[in-house]
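Step one of this worksheet: look at the structure below.
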Amino acid sequence: MSSLSLDKMKEFRMKPDQILIDQLCNCCWVTCPFYAAVCTNTLEDHSPDDHSVPFHRPAGINGWHTKGTVELVTNFCPTLVASDRSFYPHSDSDETIPYKLYQTAGEKYAKWEITPDASTLTYWKWFVCRFQKQLEDHYGLKFQGRGEIPSEWRDHSKQEAIDSLDEMYNL
C-alpha cells in the first residue's frame, strides 16, 4: 500500500457528492398514501407497481386525521391494515374502504405492499412526542381523543429512538 501515491488513491476513491447523487438518483421517490414515507426500493430492483418501506410511522405525521374531527391518527400503517377499521380514500368523499382492502381504494393505494402486523418503531413514537406541538400547529389538528398519544410513548428516550434505528438498519 505504501507504494501508492495519494493522487493514485484519490483516483480510485468515489467522491462523497457522487455517492450521494448515485443513491438519490436510483431511488423510487413514490410516497406512501397513508403517511408519506418514501419507497426505499431502487428502480433496478422493483416494478413501478410494487412499493414498500422497511419501517412504518404513525399516519398523523402526514396529517391523517379522523374525518369530521381535529384528531390526528397515532396508529401505524401495518396496524391499521390488520384492523377492521376503514378510511376515506378521498377527502371529498363519503365512501369508506376497509384498511384491509386498501389496494382497492385507487391507483395510489394499489401500488403499495403494506404487510399487516403490529410492528412499530420506537423512533417514530419518540418523534411524535418530541414534535407534537409542531405537528399540531402545522396541520391545525390535535393528538387528542381517539388520536391521543399513548402515555407509554412518552417514556422513550432520544437514545432509545436512535438505537431503534440502528437495530432496524442492522437487520
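The values are calculated or read from the model by the stated rules, or taken from the named source; none is laboratory data. Worth saying up front: this structure is predicted, and the values here are computed from it rather than measured. Here the Cβ is made from the backbone with ideal geometry for all residues, glycine too, and neighbour counts use every protein chain on show. With ligands, DNA and RNA removed, areas are computed over all heavy atoms of the protein, side chains included. Shrake-Rupley method; radii C 1.70, N 1.55, O 1.52, S 1.80 Å.
A few points about this structure:
- Candidate set from region 85-102 (those that are in a loop (DSSP other than H, G, I, E, B) and surrounded by 13 or more Cβ atoms within 10 Å (Cβ to Cβ)); member that is farthest from the chain's Cα centre (by Cα): T96
- F76 falls short on exactly one of the conditions (1) in contact (Cβ under 8 Å) with a residue 24 or more places away in the chain; (2) in contact with a Pro (Cβ under 8 Å, 6 or more places away or on another chain); (3) over 15 Å from A59 (Cα atoms); (4) not β-branched (V, I, T), and that condition is (3).
- Figure legend. Inter-residue proximity from region 153-171: first residues on the phi > 0 side of the Ramachandran plot and at pLDDT below 90, second residues of a type in the set (F, W, Y) and open to solvent by 50 Å² or more (accessible area, probe 1.4 Å), beta-carbon distance below 8 Å, spacing 6+ or different chains. No pairs are indicated.
- Search result, residues across region 123-167 that are farther than 19 Å from L80 by Cα and among the aliphatic types (A, V, I, L, M): L135, L141, A161, I162, L165
- When I149 is tested against (1) more than 14 Å from T120 (Cβ to Cβ); (2) surrounded by 12 or more Cβ atoms within 10 Å (Cβ to Cβ); (3) at pLDDT 95 or above; (4) more than 17 Å from the chain's Cα centre (by Cα), exactly one condition is not met: (1).
- Answer residue from region 32-56, given it is assigned to a loop (DSSP other than H, G, I, E, B) and open to solvent by 40 Å² or more (accessible area, probe 1.4 Å) and is modelled with the lowest pLDDT among those: P48
- Qualifying residues in region 108-119 (those that are within 14 Å of the chain's Cα centre (by Cα) and surrounded by fewer than 19 Cβ atoms within 10 Å (Cβ to Cβ)) - the one nearest to K158 (Cα to Cα): S119
- Verdict on T79 being under 22 Å from L141 (Cβ atoms), loosely packed, with under 15 Cβ neighbours inside 10 Å and touching a Ser or Thr at 6+ places or on another chain (Cβ under 9 Å): no
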